[in-house]
Amino acid sequence: MMSQFFSKIGTACALVSLFAFSAASHAQTLSIGTNPQGSVAYASGAAIADVVGDALDLSFTVVPQGGPTAIIPAMSAGEFDFAFANIVAAVTAKDGKGPYKGRKYDSIRVAAVVYPLEMGVFVRKDAKIDTFQALKGKRVASAFKSQANVAAFMTASLAAAGLSYDDVTPVPVQNGVQSVNELVDGGLDATTFSVSAGIIQQADAVVGIRVLSLPNDEAAQAALDNYTPGAMIATAPAGSYPGILEPTNIIRVPFVVLTDSRVDDETVYKVVKAIAENGQKLAASAGEFKALDPKLMGQSALPVPYHPGAIKYYTEQGTWN
């Protein structure tokens, strides 16, 4: 009788443990840090949280922050598991340079390249500013206190055009979204942001905007290499984005999903697999994912190391470049 009693108790305990394990597995949550609402990163992060969360049957939340200068330290501190950033921000964070000076975040890892981020310098269409040279003396967004990577793109754009903040009137702003709102309200003459951001579409609908064309020569590329390593100058066709009224030279840089070395291999493997296999659903949620190419998600030449879980998936698929 006693042996039967203990046998039943053991079975009951095993069942409780099994149910507890199952509940814990189902209750697993993931999170991704992004730029503020209205940005490309937020829309893309929300798409991943929704689509990947559904594919993996788990809770996946998006956490908007001020920008990579807030996102990357928070991710490294364990506040969330993944983050959206351009490769320039990732490199400077890893090396402890620029806004991360004195703080090396060398535990960050790339999970996937998802699409190119394209940055332009915007002016109001009615301002009659057609070239970068016409920005001399004008009010240009600066500082980007919570989004220092955007400040780097503005500095690089000016330098590529043979200018600096000494040639314009710098106006400190908090982030890219605020700067676009300031442009619409008349408090700025120029700013920079992603050409595909929702806030840019809104600005164009309200006041009409123009994207200024960068030079495309060795000196311009050298300026980008200095201020925004990993970025390049590319030509956007007329009409491809709001404000691009003719073929226009803009900045293009890989946009990546980051993670941290503390995140386990299996989690990263499953997330990149879900991203690669759900491109159409992601594109339906955020149009930028139309440029997602699973064959280009794993690029070993990037100046930030990949997470082993991601490498495992790309190697299995034969796409680890």
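The values are calculated or read from the model by the stated rules, or taken from the named source; none is laboratory data. All values derive from a computational prediction rather than experimental measurement. Glycine also receives a Cβ, built like all others from the backbone with ideal geometry; neighbour counts cover every protein chain displayed. Side chains are part of the model used for accessible areas, which takes the heavy atoms of the whole protein and leaves out ligands, DNA and RNA. Shrake-Rupley method; radii C 1.70, N 1.55, O 1.52, S 1.80 Å.
Straight Cα distances below 14 angstrom link Lys104 to the aspartates and glutamates Asp95, Asp260, with same-chain residues fewer than 8 positions distant left out. Across the stretch 34-48, computed HN-Hα scalar couplings (Karplus, 6.51 cos²θ - 1.76 cosθ + 1.60, θ = phi - 60°) run 9, 5, x, 4, x, 9, 4, 4, 5, 4, 6, x, 5, 5, 5 Hz from first to last residue, x flagging Gly and Pro. Convex hull volume per residue, computed on the Cα atoms of the stretch 178-251, equals 97 Å³.
A straight Cα-to-Cα reach below 25 Å connects Lys125 with the lysines Lys136, Lys138, residues fewer than 8 places away in its own chain not being considered. Expressed as a whole percent, the accessible area of the chain that falls on carbon and sulfur atoms is 53 (1.4 Å probe).
About its Cα centre, what dipole magnitude does the chain give when the only charges are +1 on Lys and Arg Cβ and -1 on Asp and Glu Cβ, stated in debye to the nearest 20? Taking the Cα centre of the chain as origin, the dipole is about 340 debye. For the chain, dividing the convex hull volume of the Cα atoms by the residue count gives 144 Å³ per residue.
If the viscosity is 0.692 mPa s and the temperature 37 °C, what translational diffusion coefficient in µm²/s does Stokes-Einstein give for the stretch 21-128 when Rh comes from Kirkwood over Cα pairs? Please report the intermediate quantities before stating the final value.
Values: Rh = 15.3 Å.
Rounded to a whole number, D works out at 215 µm²/s.
Given a 1.4 Å probe and the protein chains as shown, Asp166 ends up with an accessible area of around 140 Å². Spatially close Lys pairs in the stretch 228-321, defined by Cα atoms under 13 Å apart and a spacing of eight or more places or different chains, total 4.
What's the extension gain from Asp166 to Thr319 if we count 0.36 nm per residue and subtract their Cα-Cα distance?
Numbers: separation 153, 0.36 × 153 = 55.08 nm, distance 4.59 nm.
Contour length minus Cα-Cα distance gives 50.5 nm.
Determine, for each peptide in 205-215, 112-122, the mean count of other beta carbons within 10 angstrom over its residues, then list the peptides with the highest first. Don't jump to the answer; show the numbers that get you there.
Details: 205-215: 19.5, 112-122: 25.5.
The packing order, highest mean first, is 112-122, 205-215.
The share of alpha-carbon pairs in the stretch 195-321 lying farther apart than 25 Å comes to 42%.
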